[in-house]
Amino acid sequence: MVLEWWNDIVQWFASTQGRAITTSVILPFVAILAAGLFAGLITRGALKRFVAHQDREAKASAVAALIASGRKAAVWNSLSAQEKSHIEHQTSEAEVRIRLLPVSGSTLAADWAAHHIASMKRNSVAYSFQAEQSLAEMQDGLVEWQFKPSRAKKLFSQDLAAWKYETAKPEDELIDKQNAWAAQQETAVFETSKV
């Protein structure tokens, strides 16, 4: 039965009517379908490249804004109050732009850069060597993060952990424990008053 169907189909395609339908309907349909798929693939590739280009531009712009804020932070003591206010605004805007990037480690990069900027502000007396060195480290780290986010992400997390450990004070830990104990006592008092 299957062989009979197959033979009927082959005979129909070999007939003049079958050849006419094949060349006037089936082949143009297949060609149009193939051209549509090919055009879709080309368009998809072009859109991916365009979106990647826009992402790179946004990342470069945000990094450049943060580095510019770092340069101003390196000479923080020589700025007027109005300039300091303006730079603070630019710095916070640049940090937000970095955090909003759809890139791995963008939050870590913003935190890392904020720490460097704060360090530069502290060490900016007459553009000291420490502020200059911190600026160079920040520039190098952010440029590296722009090109290789995963490698720089590890560096940022290590640096942030080390800075957190260095700045942690035993008194802070004691205060945190006391606050936790007080919250626990308030919760216990609240629960006993409910009953």
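The values are calculated or read from the model by the stated rules, or taken from the named source; none is laboratory data. Since the model is a prediction, treat every value here as computed from it, not as a measurement. Positions of Cβ are generated from backbone atoms using ideal geometry, with glycine treated the same way; all protein chains shown enter the neighbour counts. Keep in mind that these areas ignore ligands, DNA and RNA; they rest on the heavy atoms of the full protein, side chains included. Shrake-Rupley method; radii C 1.70, N 1.55, O 1.52, S 1.80 Å.
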Under 8 Å between Cβ atoms, which residue pairs at least 6 apart in sequence (or on different chains) link something in the range 18-34 that is closer than 22 Å to N7 by Cα and open to solvent by less than 90 Å² (accessible area, probe 1.4 Å) with a partner that is in a helix (DSSP H, G or I) and not polar (S, T, N, Q)?
G18/W12; T22/F13
Count - residues of the range 62-110 that are buried (at least 19 other Cβ atoms within 10 Å of the Cβ) and of a type in the set (D, E, K, R)
2
Under 7 Å between Cβ atoms, which residue pairs at least 6 apart in sequence (or on different chains) link something in the range 135-155 that is within 16 Å of R99 (Cβ to Cβ) with a partner that is among the polar types (S, T, N, Q)?
P149/S104; K153/S104
Could you check the range 82-114 and list, in sequence order, the residues that are within 10 Å of the chain's Cα centre (by Cα), among the charged types (D, E, K, R) and within 17 Å of K154 (Cα to Cα)?
R99
For the range 121-159, name all the residues that are more than 14 Å from the chain's Cα centre (by Cα) and not in a helix (DSSP H, G or I).
N123, S124, V125, A126, Y127, S128
Please find, within the range 49-65, the residue that is farthest from L142 (Cα to Cα) out of those that are in contact (Cβ under 8 Å) with a residue 40 or more places away in the chain and of a type outside the set (K, R).
D55
Which members of the range 132-157 meet the condition of being crowded, with 17+ Cβ neighbours inside 10 Å and over 16 Å from D111 (Cα atoms)?
none
Residues within the range 115-131 that are modelled with pLDDT of 80 or more and either farther than 19 Å from A65 by Cβ or open to solvent by 30 Å² or more (accessible area, probe 1.4 Å) (or both), tallied:
4
